[in-house]
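In what follows, a single structure is set out as structure tokens and then discussed.
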Amino acid sequence: MCGRFAQTRSREEYLAPFTENFERDIPWDPEPLAHYNVAPRSRVLLLSMDENDTLHLEPVVWGYAPEWWHKAPLINARVETASQSRMFKPLWQNGRAIVFADGWYEWQRVGDKKQPYFIYREDKAPLCFAAIGKTPFDANSEAEGFVIVTAAADAGLVDIHDRRPLVLTPEAALAWLHPDTSAKRADELAHEGALPADAFAWHPVTRAVGNVKNQGPELVEPVDKPHS
């Protein structure tokens, strides 16, 4: 699954592969976001594309709970079932988006404690998480925001957790966003355009990341021994 991630670079660094061939309705901002501990229910910059092929980057709440859903908002959707489920099919068809990240956190049980790990691209390049949400994306909505699409972990990643975010290449991410991409084609992109497990590296980090109030670059730094 994906329950925490880091989004620390400037929006311009994240947008660089996307704006060469597409217009943007996004203010220029070179300042780093510096979000080292993004948690559910927070507002996250979400990349989307409108019917005029124009890119938008808007703060949208991480979580989705339609009016008929009387449980806690969902934060993830399984790629294996999302395109056909009652909950997510409309979002898959018309609400595809991208969440930028530098990496995500997963917890592995070690004895009677859980050790957090930070997982990132081995080449340190930004990540493009596949996401789906309720359109039009509304910065004021508290319930109908977005979820991150997850896939089954494989290779070494499964040792940390059995699920992981669906991370797309920039090329696949652009196709995922495009309004002319059909739901069927989006399903194909989710498999063809996903980065393989061997593209990632990971290391243990401080347990301080477990507290959503903690922020700062020390959260993503490797630790030799678990500590709080």
Problem set entry | Residue pairs meeting the criteria (Cβ under 7 Å; at least 6 apart or on separate chains; first over 15 Å from Ala39 (Cα atoms) and surrounded by fewer than 17 Cβ atoms within 10 Å (Cβ to Cβ), in the range 106-121; second of a type in the set (A, V, I, L, M, F, W, C) and at pLDDT 85 or above) | Lys114/Trp107; Arg121/Leu127; Arg121/Ala199; Arg121/Phe200
Problem set entry | When residues of the range 16-37 are limited to those that are in contact with a Phe, Trp or Tyr (Cβ under 9 Å, 6 or more places away or on another chain) and in contact (Cβ under 8 Å) with a residue 60 or more places away in the chain, the one nearest to Val220 (Cα to Cα) | Asn37
Seminar exercise, completed: Note: among Leu57, Leu46, just one is more than 28 Å from Asp154 (Cα to Cα), in contact (Cβ under 8 Å) with a residue 12 or more places away in the chain and in a strand (DSSP E or B), namely Leu57
Exercise. In the range 172-191, is there at least one residue being farther than 15 Å from Phe129 by Cβ, touching a helix residue (DSSP H, G or I) at 6+ places or on another chain (Cβ under 8 Å), assigned to a helix (DSSP H, G or I) and acidic (Asp, Glu)?
Worked result: yes
For this session: Within the range 207-228, track down each residue that is under 15 Å from Gly103 (Cα atoms) and either in a loop (DSSP other than H, G, I, E, B) or acidic (Asp, Glu) (or both).
Result: Gln215, Gly216, Glu218, Glu221, Pro222
For this session: May I ask you to verify whether Asp102 is among the charged types (D, E, K, R), buried (at least 21 other Cβ atoms within 10 Å of the Cβ) and modelled with pLDDT of 95 or more?
Result: yes
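Identify the residue in the range 95-130 that is assigned to a strand (DSSP E or B) and of a type in the set (D, E, K, R) and, among all such residues, is farthest from Ser83 (Cα to Cα).
Per the criteria, the residue is Lys113.
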Exercise. Is it the case that Trp92 is of a type in the set (A, V, I, L, M, F, W, C) and outside any strand (DSSP E or B)?
Worked result: yes
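Okay, residues lined up against (1) basic (Lys, Arg); (2) farther than 25 Å from Gln84 by Cβ:
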| residue | (1), (2) |
| --- | --- |
| Arg163 | yes, no |
| Leu168 | no, no |
| Ala197 | no, yes |
| Phe200 | no, yes |
Problem set entry | Residue selected from the range 179-222 under the condition without any contact (Cβ under 8 Å) to a residue 24 or more places away in the chain and of a type in the set (Gly, Ala, Ser), by the criterion nearest to Asp123 (Cα to Cα) | Ala208
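Scan the range 192-206 residue by residue and report those that are of a type in the set (A, V, I, L, M, F, W, C) and in a strand (DSSP E or B).
If we filter the range 192-206 for residues that are of a type in the set (A, V, I, L, M, F, W, C), which is where we start, we get 194-195, 197, 199-202, 205.
Hits for the range 192-206 are Ala194, Phe200, Ala201, Trp202.
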For this session: For the range 6-23, name all the residues that are closer than 14 Å to Ser48 by Cβ and in contact with a helix residue (DSSP H, G or I) (Cβ under 7 Å, 6 or more places away or on another chain).
Result: Phe18
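Can you say whether Leu195 is under 14 Å from the mean Cα position of the chain (by Cα) and surrounded by 22 or more Cβ atoms within 10 Å (Cβ to Cβ), as far as the supplied structure shows?
Judged against the criteria, Leu195 is not a match.
The values are calculated or read from the model by the stated rules, or taken from the named source; none is laboratory data. As the structure is a prediction and not an experimental result, all values here were calculated from the model. Note that we place each Cβ from the backbone using ideal geometry, even for glycine, and neighbour counts take in every protein chain shown.
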